Ligand code: 5AD
């Protein structure tokens, strides 16, 4: 597919035809199966000050937490007992050794508690090759690190100067050779982001080194500087764009793992189910201890409960 064709589809041309094609591929490759990954939000302590993110370092109104190892052990036990053999450990980003060692411990505990049955995806930000190697050797299987936007100019505008596109790409390139199944993703509807940018994002996400993708609508958080700048798209338009992005990526990369994101479910629970029909195959229900979920507030209204039955009622199985 050419960039021009992608742009036309993103603008809504022949949406029916697009969804028919992506749904057929989804069915052919995954049938009615949905891959579940239990999401553990390990800590909201973050040294990054990303201009869009509610848990940015300079947001003083967030109550910070970091899970102890015991709740992690309990979550791994629960997953094993319930046959959820895949978890994602996501965290605010730190690079000190207390943090990196803790992640190593967390990985070991999950493997131990599940008799090596649980596959682990880490989503703990930019780290050195040595740290990625240590986590991989401890047992981590996959790594998610979003590029956020493939437009370097836009990337620069939404991040503080110490976070650079080049460093992000360097980190991303380190992962596949270490044996990680690697995923990336973008936000959809960022202030200043155009359809051309989103088409560029799709070409970026469809590079062969990426086997997974998590992408979802950008949602304002009032404690962030970016929320002061309006997006070019309403929330409804961001939902539509997200669905088209997922359908297009399914066509560009038929076998990739593509998530139907929490951000999409936050703006529209129905769209989160529909995303499964037209291309997505992964869902990440939150399994963080309930009393802490409200503090991982990346954006406003972020949902933390997911009714899995609604997928079954729509004809899917886990
Ligand atoms: N809206 C939507 N997604 C966001 N993220 C962070 N802040 C927001 C926001 N305001 C996403 C980023 C990050 C992931 C963990 O959450 O893409 O990589």
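Per-structure values
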{"item": "Calculated FRET efficiency for the pair residue 252/residue 170, C-beta based, R₀ 25 Å, to 0.05", "result": "0.55"}
{"item": "Pairwise label distance in nanometres, residue 293 with residue 317, each label 7 Å out on the Cα-Cβ vector", "result": "2.7 nm"}
{"item": "Under the Debye formula (equal points on every Cα, no solvent term), log10 I(q)/I(0) of segment 188-318 at q = 0.12 Å⁻¹", "result": "-0.48"}
{"item": "Cα centroid separation, segment 230-260 to segment 285-300 (Å)", "result": "24 Å"}
{"item": "Per-selection Kirkwood Rh - segment 119-220 (Cα, Å, 1 d.p.)", "result": "14.1 Å"}
{"item": "Mean-position separation - Cα centroids, segment 1-79 and segment 122-177, in angstrom", "result": "16 Å"}
{"item": "Computed label-point distance, nm, for sites residue 4 and residue 161 using a 7 Å Cα→Cβ extension", "result": "4.1 nm"}
{"item": "Calculated FRET efficiency for the pair residue 80/residue 228, C-beta based, R₀ 30 Å, to 0.05", "result": "0.10"}
{"item": "Sorted by Cβ neighbour density within 10 Å, fewest at the top, the residues 206, 231", "result": "206, 231"}
{"item": "Within a Gaussian network of the chain (alpha carbon springs, distance under 10 Å), most fluctuating of 189, 139, 31", "result": "31"}
{"item": "Pair residue 133, residue 58: separation of 7 Å Cα→Cβ label points (nm)", "result": "3.6 nm"}
{"item": "The chain: Rg to Rh, with Rh as the Kirkwood radius over Cα pairs", "result": "0.93"}
{"item": "Two-site FRET efficiency, residue 70 against residue 196, from Cβ-Cβ distance with R₀ of 41 Å, rounded to 0.05", "result": "0.25"}
{"item": "Most fluctuating residue given options 49, 223, 307, as computed from a GNM of the chain linking Cα atoms under 10 Å", "result": "307"}
{"item": "Share antiparallel - DSSP beta bridges, the chain, percent rounded to 5", "result": "5 percent"}
{"item": "Net length gained if the chain between residue 11 and residue 203 were fully extended (0.36 nm per residue, minus Cα distance)", "result": "67.5 nm"}
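Read-outs: derived from the displayed coordinates by stated rules, not from any lab. Because the structure is predicted, anything quoted here is derived from the model rather than measured. Methodologically, a virtual Cβ is constructed for each residue, glycine included, from the backbone with ideal geometry; neighbour enumeration extends over all protein chains shown.
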